[in-house]
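Report on the following structure.
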Amino acid sequence: MTDKTNGTHGAVLEDSTPVPDGPLVELRGAGKSYGNVRALHGVDLKVHAGEVTCVLGDNGAGKSTLIKIISGLHQHTEGTFLVDGQPVRFTSPREALDKGIATVYQDLATVPLMPVWRNFFLGSEMTKGPWPVRRLDIARMKKTADEELRNMGIVLDDLEQPIGTLSGGQRQSVAIARAVYFGARVLILDEPTAALGVKQSGVVLKYIAAARDRGLGVIFITHNPHHAYMVGDHFSVLRLGTLELSASRDQVGLEELTNHMAGGAELAALKHELAQVRGVDVEELPEEGDLTAPVATSPEGST
Ligand SMILES: Nc1ncnc2c1ncn2[C@@H]1O[C@H](COP(=O)(O)OP(=O)(O)O)[C@@H](O)[C@H]1O
Ligand SMILES: [Mg+2]
């Protein structure tokens, strides 16, 4: 098996032997029901090394459910979930982590008053000396944290500062560098830019790209098509629990992506209503779903 068949990503492989260039993570017709609530249904997704796969969708679309399956928090109730081409069913996030699947949650699991370097190693501290006099290897942890952050292009003045004093974007960046250092192959980010301003979002996007360039397969959850398009290689749009669009970068433009997100048809209908309210032609309304632009009345409960 030495022939390097330039693994075309779309190659149909019926057997489940791992393919070198195959997806790290794959969902086939995957779904999840919470009791009677079908949160996710018939979802296909492939995550390749060195690529950013964006998962987009409105609130309640099923984004979190999707990544909870991949990160081992929940189990799928339909379809197949494969890691390295092998069907899996994780019973805990630990199992996912053991396969190199790391998740950075929005509410980062950091201890705000502890120094940056200490947070970097939280739960996996370096120690030195033989048992029973093992103690923390503080010097080595500081040095390693410093090197690793720099490797990712993250420059902090002082690793002694409490991580709580960093900006939201910087904290996310540290979490990304941490996952890379501890051997993540797949990095899942659940709406990392949702609570951030433009500049801070830029910081996080930069490190998403850095993780991708280090060869990780990144799953970037967002409801912002602009953020997605800045770093994304592939775009999967969820809508009411099903895939509404799955397209690579060369198959979809930003405008079309935004349309899918906004629900193109609904937006058109809304525009029509707005035009009637204002007694103008639809064509006279502002372009690009910019509904904040001059609108005489704001219909209550339209969302
Ligand atoms: N633990 C749960 N129990 C019951 N329903 C849930 C649970 N988690 C999510 N849901 C439902 O599943 C759907 C998808 O939710 P979610 O995956 O959180 O969407 P998103 O992250 O895109 O906002 C929603 O209708 C939500 O109410
Ligand atoms: Mg969510």
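The values are calculated or read from the model by the stated rules, or taken from the named source; none is laboratory data. Computed from a predicted model, the values in this text were never measured in an experiment. All Cβ positions, glycine included, derive from the backbone under ideal geometry; neighbour counts span all protein chains shown.
Numbers at a glance
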{"read-out": "Evaluation of GLY7 against (1) modelled with pLDDT under 95; (2) touching an Asp or Glu at 6+ places or on another chain (Cβ under 6 Å); (3) not in a loop (DSSP other than H, G, I, E, B) (one fails), failing number", "value": "(3)"}
{"read-out": "Filter result for THR258 (buried (at least 16 other Cβ atoms within 10 Å of the Cβ) and more than 16 Å from ligand 2 (Cβ to nearest atom))", "value": "yes"}
{"read-out": "Selection status of LYS46, among the basic types (Lys, Arg), within 14 Å of ligand 1 (Cβ to nearest atom) and either touching a strand residue (DSSP E or B) at 6+ places or on another chain (Cβ under 9 Å) or assigned by TED's automatic domain parsing to the domain that holds LEU205 (or both)", "value": "no"}
{"read-out": "Total residues in region 135-193, condition out of contact with any Phe, Trp or Tyr (no Cβ under 8 Å at 6 or more places or on another chain) and closer than 30 Å to LEU82 by Cα", "value": "12"}
{"read-out": "Hey, GLY253 over 13 Å from the mean Cα position of the chain (by Cα), over 12 Å from VAL55 (Cβ atoms) and within 16 Å of ligand 1 (Cβ to nearest atom) or not", "value": "no"}
{"read-out": "Wholly enclosed helices (runs of 4 or more DSSP H) of region 50-146 bearing at least 3 residues at positive phi", "value": "none"}
{"read-out": "Neighbours by Cβ (under 7 Å, 6+ apart or cross-chain): first from region 184-202, in the same structural domain as GLY100 (by TED's automatic domain parsing) and more than 16 Å from ligand 2 (Cβ to nearest atom); second β-branched (Val, Ile, Thr) and part of a loop (DSSP other than H, G, I, E, B)", "value": "SER201/THR193"}
{"read-out": "Residue within region 221-237 that is more than 16 Å from ligand 2 (Cβ to nearest atom) and in contact with an Asp or Glu (Cβ under 7 Å, 6 or more places away or on another chain) present", "value": "yes"}
{"read-out": "Residue in region 42-49 that is in a strand (DSSP E or B) and surrounded by fewer than 19 Cβ atoms within 10 Å (Cβ to Cβ) present", "value": "yes"}
{"read-out": "Matching entry among LEU97, LEU56 (being within 20 Å of LEU216 (Cβ to Cβ), within 16 Å of ligand 2 (Cβ to nearest atom), surrounded by 15 or more Cβ atoms within 10 Å (Cβ to Cβ) and of a type outside the set (Ser, Thr, Tyr))", "value": "LEU56"}
{"read-out": "Some residue of region 78-92 being under 21 Å from the mean Cα position of the chain (by Cα) and within 16 Å of ligand 2 (Cβ to nearest atom)", "value": "no"}
